[in-house]
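Student: Let me begin by handing over the structure; questions about it come next.
The values are calculated or read from the model by the stated rules, or taken from the named source; none is laboratory data. Bear in mind that the values here come from a model prediction, so they are computed numbers and not experimental data. Virtual Cβ from ideal backbone geometry, glycine too; neighbours counted across all protein chains shown. All accessible areas refer to the heavy atoms of the entire protein, side chains included, with ligands and DNA or RNA removed. Shrake-Rupley method; radii C 1.70, N 1.55, O 1.52, S 1.80 Å.
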Amino acid sequence: MVENVIFDVDGTLVDSVDEHAEAWRRAFLHFGRDIPFAHVRSQIGKGADQLIPVFFNDEEVERFGKELDEYRGKLFLDEFLPKVRPFPRVRELFQRLRAGGIRIVLASSAKEQELKHYVKLCGIEGLFEAKTSTDEVDKSKPHPDIFEAAMARLGKPSPDVTVVVGDTPYDALAANKLSLPSVGVLAGGFPPDDLRAAGCRTLVKDPAALLARYEASRREWPWNESDTSQVAKDDERR
């Protein structure tokens, strides 16, 4: 029986993956590296500490990595954050889970300022126990630090009663390192096969589909169906 759910935010609760990818792409271009959008997008879900070294060598990271991260952060806040929208029924999902006695923690690779904006955007103030961001840990996903911090906020419960919900393979890989089962949200745009290969036990289209499946299962956590046919069923129901 699930007692705790740890939610990723970008691409899971809010539609922001393309915005993050474009902000990084433009920041890389500003620092002399022209990277295709699709290549950048494939790395979204990692924090700057893990993402920048994919595209720049150690000497470059040491020389201007911090400046690059700060440039990207300001660009995202100024031009892209206002474009981000929540996925449907996030607030209702959180309300249903809490009504069922499930505790919720947000665990995001976003910076704290961005995370605060997302909480307000989704209307979920007061509907979760705690939140963690990349500002609070040494290493971002796919390292497990953020989920370790989330588990600490929950009082270090057993992984057997705790689930991670995220949209990227990096969420699942980080969860696996703590023996936490994970649900993959397809709305972030990552291929289903990549999510399954990373360890996702269940796939859902978006928060609204997760809510529908939770309610259809009489508020028990829906583990049993992870194939794309179930995702299609969720779409039909909606």
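Student: Per the helix-only calculation at 222 nm, which mean residue ellipticity applies to the chain, given -39500 (n - 2.57) for every DSSP H run of n ≥ 4 and division by its residues, nearest 500 deg cm²/dmol?
Tutor: Helix contribution divided over all residues of the chain: -13500 deg cm²/dmol.
Student: Follow-up. Within the set LYS141/LYS205; LYS131/LYS156; LYS83/LYS139; LYS139/LYS205; LYS83/LYS177, which residue pairs have Cα atoms separated by over 26 Å?
Tutor: Checking Cα-Cα distances, LYS83/LYS139; LYS139/LYS205; LYS83/LYS177 exceed 26 Å.
Student: To continue, here is another question. For the stretch 160-174, list residues with backbone N below 13 Å from a point placed 7 Å from the Cα of ASP193 toward its Cβ?
Tutor: Those under the cut-off are none; the list is empty.
Student: Report in % the part of the accessible area of the chain that belongs to carbon and sulfur, leaving out ligands and nucleic acids; probe 1.4 Å. Numbers along the way, then the final one.
Tutor: Numbers: 4930 of 10600 Å².
The C+S portion of the solvent-accessible surface of the chain is 47 percent.
Student: Give me the accessible area of HIS39, 1.4 Å probe, in Å² rounded to the nearest 10.
Tutor: 90 Å²
Student: Now a separate question. Between PRO86, PRO191, PRO144, which gets the highest mean-square fluctuation from a Gaussian network model of the chain, Cα cutoff 10 Å?
Tutor: PRO191
Student: Could you size up the charge dipole of the chain around its Cα centre, putting +1 on the beta carbon of Lys and Arg and -1 on that of Asp and Glu, and report it in debye to the nearest 20? Numbers along the way, then the final one.
Tutor: On the way: 34 positive and 41 negative charges, 163 e Å.
Dipole about the Cα centre, nearest 20: 780 debye.
Student: What is the calculated FRET efficiency for ASP58 to ALA152, with r their C-beta to C-beta distance and R₀ = 30 Å, to the nearest 0.05? Before the final figure, lay out the partial values.
Tutor: Values: r = 31 Å, r/R0 = 1.04.
Efficiency for this residue pair is about 0.45.
Student: Answer with a single label: of (i) 25, 22, 19; (ii) 29, 18, 17; (iii) 45, 17, 14, which was calculated as semi-axes √(5λ) of the Cα gyration tensor in Å from the structure in view?
Tutor: Of the listed options (i) 25, 22, 19; (ii) 29, 18, 17; (iii) 45, 17, 14, (ii) comes from this structure.
Student: Would you work out which of LEU77, GLY123, ILE6 lies farthest towards the positive end of the dipole of the chain? Charges go on Cβ: Lys and Arg +1, Asp and Glu -1.
Tutor: Going by the charge dipole, the pick is GLY123.
Student: Ok, one more. Can you tell which of ALA152, ALA107, ALA172 shows the greatest fluctuation in a Gaussian network model of the chain with Cα springs below 10 Å?
Tutor: Residue with maximal mean-square fluctuation among ALA152, ALA107, ALA172: ALA152.
Student: What does the charge count around PHE128 come to, taking other residues whose C-beta lies under 10 Å from its C-beta (Lys +1, Arg +1, Asp -1, Glu -1)? Display every interim value, and only then the final one.
Tutor: Working: positive: ARG98, ARG103, LYS131, ARG153; negative: GLU125, GLU129.
Value of the local net charge: +2.
Student: Highest GNM mean-square fluctuation, the chain, Cα pairs closer than 10 Å: which of GLU22, GLU67, GLU92?
Tutor: Greatest mean-square fluctuation among the candidates belongs to GLU67.
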